[in-house]
Structure formats: structure tokens, C-alpha cells
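The values are calculated or read from the model by the stated rules, or taken from the named source; none is laboratory data. Just so you know, these numbers come straight off a predicted model, no measurement behind them. All Cβ positions, glycine included, derive from the backbone under ideal geometry; neighbour counts span all protein chains shown.
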Amino acid sequence: MDPSAVRCRRVLLSVAALASSSLLLGSTLEPTSLDQLNRRADLIVRGQVQGITPGPRGETGSTTTVAIRVREQWKGPWRSTLSVLQPRGTEAGIAQEVPGLPAFHVGEEVVLFLIRGRGGYYEVLGGRQGKLSIKTGPDGRELVEDLTGSRLDLDQFVRRLKPATKPAP
């Protein structure tokens, strides 16, 4: 491929990534309370990250699909598995990252506040605020950790969720 065409493609991909991240930055970093996440989410689940794969290609560039095995669910139609789509990835050696989006790791236990996206995929509501990690405390209790590192006992967290959610069928 012609070097100038490669350079042009890289510039176009960089501009698309910058434009999409600028648009998402304003919507994903707005402070959101647990009550707001509760009300706005289509689905609230506890699950384990099973896999992270590139694609499918989105309108504004590369995407990444995160496969989740659902262990518990507090809101929305029951799902045993689901796919979370994020606008980030690598194409032609160029990485596209979007500030404010959560990172995922295979095997990680998470609580997710999700909204339905296109094509049967889900998107994390509130960016990093909509993904909480499950950790085990020194006493063996399960804790929910938010993006600031604050931790709350999982049972207490679930009790806080219940008033704002409807039980899943």
C-alpha cells in the first residue's frame, strides 16, 4: 500500500477516534449516583467476564465485545449471558481508546448497569461509573468496589438496589 495512503488512513482514524471520544467524554464522565444508575439501567447484573474480542466494526471505528456470564440479576429480562459493546480497539496498528469507558479483564467479577444498544448488544451506563468490581475482603466477605476504590459489603449493596429496581422474572 502507498505510504501516503497509509498515512492518510491513520490521520482519518485518529480524527474519528478523537471525535467519538470527545462526544462520549461529555456523556460518560458526568457524575451519576447509584439511584440514577438504578433508574436508568435496562439491566443490572452480576457476572464474570468470559472473553474480550475485537469487533464488530462500528460506525465511528473499532469496537470491542466483552462476553459476560450472568450470575445474578436485579433488573431487566433474565439473561444467562450477554455481550457488552465498547467503542475501542485496534485497527491497522492504530489503537482507539475512549476516555471514561471501563476496562475489563477476563475472569473478573463485576456488577454492571447496562442499557440496550444496537444489534442485541448492551452498553455500560455512565461509563466507568456503571461498572463495579467484586472483591473478597480479608474476612472472606464479598465487597463491591467502585471506580474510586470505595468498598461496600455486597449484601448491603444489593439492599440499596432493591428499592429502585423491579425483580427480574
Search result, residues across segment 124-156 that are at pLDDT below 95, in contact with a helix residue (DSSP H, G or I) (Cβ under 9 Å, 6 or more places away or on another chain) and among the acidic types (Asp, Glu) = ASP146
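This table checks each residue for (1) among the β-branched types (Val, Ile, Thr); (2) farther than 15 Å from LEU161 by Cβ; (3) modelled with pLDDT of 90 or more.
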position: LEU34; (1), (2), (3): no, no, no
position: LEU37; (1), (2), (3): no, no, yes
position: GLU72; (1), (2), (3): no, no, yes
position: THR81; (1), (2), (3): yes, yes, yes
position: PRO87; (1), (2), (3): no, yes, no
position: GLU97; (1), (2), (3): no, yes, no
position: GLU109; (1), (2), (3): no, yes, yes
task = Considering (1) within 17 Å of THR32 (Cβ to Cβ); (2) among the aliphatic types (A, V, I, L, M); (3) at pLDDT 95 or above, say which one LEU101 fails and leave the rest.
result = (3)
